[in-house]
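Input: a single structure, listed below in structure tokens.
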């Protein structure tokens, strides 16, 4: 075992060769370590300089691109307080003023206590009296932060905070920061310190008052928290208010409904007040004995007792318009501020601009012009109030939603959000998603097949009994299928099996059905669900479904639904204007054939008593050219009726919010009656909306076909025998190609045995051809939505 003595002897023997002592060696080691440390320090320093250089270079480039604001305009901006925004109908009549929920009483500097001024300066900007709007070290910190060295944020001066609140917002981007700094420097040359401080104290947010309302400005804060003027604030009261701007909602003693927060949550604001008192003491505004005395003062005893808040008087219309307006304002602000795509990857940036959009609309004096027709909207509300009860069948209140779209623009002219907004705030027209049932058949299945030239208006489809891949029978109500039927009959009855086989044909031909739906923003998660052509696996809003029918009624041209026409600033500047972006989804020929077929759906009365009911209450309206389709989901949980005139499309849904089923005849009778009242009222309000006639496009190919096969006359051969089909003739309209010559596989869909049965029907006296059976095609399946009508 090696001992310390052995180590020393070995070292002495080794060191004699170099004339070194043990101390010398340790000294060498220490000096080497120091040199290595200094080397790495130099590397870090040089890296820091390089990073700082990059940061400063980046910041410099930002400043170079910032335009110095004009003095008078800048002063006007920072001094400008809340303006009332409003939402108006398409004729500019008032819908409602925009909820600002912001109380503010601007006052002069002499009406604000020195206690509050001192508290704010000591807490927010202790060098306020001496700087020129910006503290240089904060700018340096931002430059270093841009290179990843330290934080890019820093304490803003009161001047910068004023600019942030009134001019540039608080998005965490360097572009915004550069604008803030340049504007702050410019403002200090245009306003004196007292004016800047007064402006800051008049615009800053101070949380909530004793009614739970948002407050801004020192005067409103003093009155809303302590029931006194800003000039009368004591030191503890001033300290509490001065601490609020850092996090107004957190530090406020009141909740959104005006009640006191719990002691635990109220403690945040009280601790903040104590920090402000310390800042005042540290800055020389308080003596030690004053600080000690105020530190123990119970500020809670000064808070006003809570009072109830006023109930919200807005409804479906206001919130629908505001939701779209906020999205439009967000896009405008992002574009105005040239926010980069990289910055928009930051959730904080997105959140900041969404908040700014709401603030702009609530406080900026904007006019939000909606597309909604006042007379039409009012009439629709009267319908749901007076006739909504016809939907009820004994199983409880049935909710409903309706939308009226302008076919040529996609503008929402009116809607019904529900039976009663006060009792149910779900917007069943624009927000609630439900199963569309068989309403998908015209635009998802048959419209696409016609557009692809795979069928004509008189094509024959299989309605022979069949099953999904898992063996579940495809039902139509209580029926398992009947035999053959033409496309018009399949639509009139909303038969499920023909739609099933037509969708399979689209899949076999490799047709990209998804591309059609995507063009209409119709979201469907999976396209290989067997029951999709019956509505299975799909969910949509009433507005979304109506938009699809608008496309068919508008010669195949989709115009995305919208409810905000424009947003105008208080000075008349239009900051947002809706721009139409029409998309040709179906050919004009296919769309016109589809509307031609849907005229027969309503007239037949097979799935709805709507036509006869409308004729009974309003013959003039019933005489107009109306086309449409019904839809019902499993267990009658959803019932639909879509109706189009050449000018407008009306979509209506009814059901329970909890998806429970309704009476089997709810769609056939109840919803039909309700929609007949709705259409009648719309017609009486504006008959011109029902003018015009649906016509077949000039490009439609009219083929003379046999009623029995849907194809032109011809002879087909099977197993060496020829069969000539004859009989009644009819016209079949095709979007392209025209009808083919009759062949053995004239029927769309069906199994080999179904085709044999079909030929048995055509040639009952003779020995019909027999085709060898083939294996059933393999496909995915679902049991969802199998009995839709």
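The values are calculated or read from the model by the stated rules, or taken from the named source; none is laboratory data. Quick caveat, the model's predicted, so the values are computed rather than measured. A quick note on method: Cβ atoms are made from the backbone with ideal geometry, for glycine too, and the neighbour counts reach across all protein chains shown.
Between 363, 359, the distinction of being within 30 Å of residue 168 (Cα to Cα), outside the structural domain of residue 98 (by TED's automatic domain parsing) and either surrounded by 21 or more Cβ atoms within 10 Å (Cβ to Cβ) or touching a residue at least 40 places away in the same chain (Cβ under 8 Å) (or both) belongs to 363 only. Taking the criterion of being over 20 Å from residue 546 (Cα atoms) and out of contact with any helix residue (DSSP H, G or I) (no Cβ under 8 Å at 6 or more places or on another chain), the residues of the range 358-373 that qualify are 359, 362, 363, 364, 365, 367, 369. Reported count of residues in the range 589-631, each being closer than 24 Å to residue 681 by Cβ, in contact (Cβ under 8 Å) with a residue 24 or more places away in the chain and not in a helix (DSSP H, G or I), is 12.
When we screen 586, 516 for residues that are in contact (Cβ under 8 Å) with a residue 24 or more places away in the chain, touching a helix residue (DSSP H, G or I) at 6+ places or on another chain (Cβ under 9 Å), crowded, with 24+ Cβ neighbours inside 10 Å and over 26 Å from residue 417 (Cβ atoms), the only hit is 586.
The condition of being assigned to a loop (DSSP other than H, G, I, E, B) and within 27 Å of the chain's Cα centre (by Cα) holds for only one of 571, 657, that being 657.
Where helices (runs of 4 or more DSSP H) fall wholly inside the range 286-368, the ranges with 2 or more residues that are within 24 Å of the chain's Cα centre (by Cα) are 316-336, 347-363. Taking residue 657 as the residue in question, decide whether it is within 30 Å of residue 319 (Cα to Cα), touching a strand residue (DSSP E or B) at 6+ places or on another chain (Cβ under 8 Å), surrounded by fewer than 24 Cβ atoms within 10 Å (Cβ to Cβ) and assigned by TED's automatic domain parsing to the domain that holds residue 403. So residue 657 fits the description; yes. When restricted to residues that are assigned to a loop (DSSP other than H, G, I, E, B) and either without any contact (Cβ under 8 Å) to a residue 40 or more places away in the chain or touching a helix residue (DSSP H, G or I) at 6+ places or on another chain (Cβ under 7 Å) (or both), the range 484-513 contains 5. Set side by side, the residues 444, 461, 430 differ, and just one is assigned to a strand (DSSP E or B) and either in the same structural domain as residue 400 (by TED's automatic domain parsing) or modelled with pLDDT under 95 (or both), which is 461.
Of the residues 87, 120, the single one that is assigned by TED's automatic domain parsing to the domain that holds residue 185 and either over 23 Å from residue 272 (Cα atoms) or surrounded by fewer than 18 Cβ atoms within 10 Å (Cβ to Cβ) (or both) is 87.
Pairing each residue of the range 343-355 that is under 18 Å from residue 166 (Cα atoms) with any residue that is in a helix (DSSP H, G or I), provided the two are 6+ apart or on different chains, yields C-beta distances under 7 Å for 349/343; 353/330; 353/333; 353/334; 354/330.
The set of residues from the range 560-583 being loosely packed, with under 13 Cβ neighbours inside 10 Å and touching a residue at least 12 places away in the same chain (Cβ under 8 Å) comprises 577, 580, 581.
Across the range 726-758, the qualifying residues are those that are within 51 Å of the chain's Cα centre (by Cα) and part of a helix (DSSP H, G or I), and the one among them that is farthest from residue 468 (Cα to Cα) is 758. The criterion of being closer than 17 Å to residue 496 by Cα, in the same structural domain as residue 478 (by TED's automatic domain parsing) and in contact with a helix residue (DSSP H, G or I) (Cβ under 9 Å, 6 or more places away or on another chain) does not hold for residue 595. Every listed requirement among (1) farther than 21 Å from residue 600 by Cα; (2) assigned to a loop (DSSP other than H, G, I, E, B); (3) touching a helix residue (DSSP H, G or I) at 6+ places or on another chain (Cβ under 9 Å) is met by residue 723 save one, (2).
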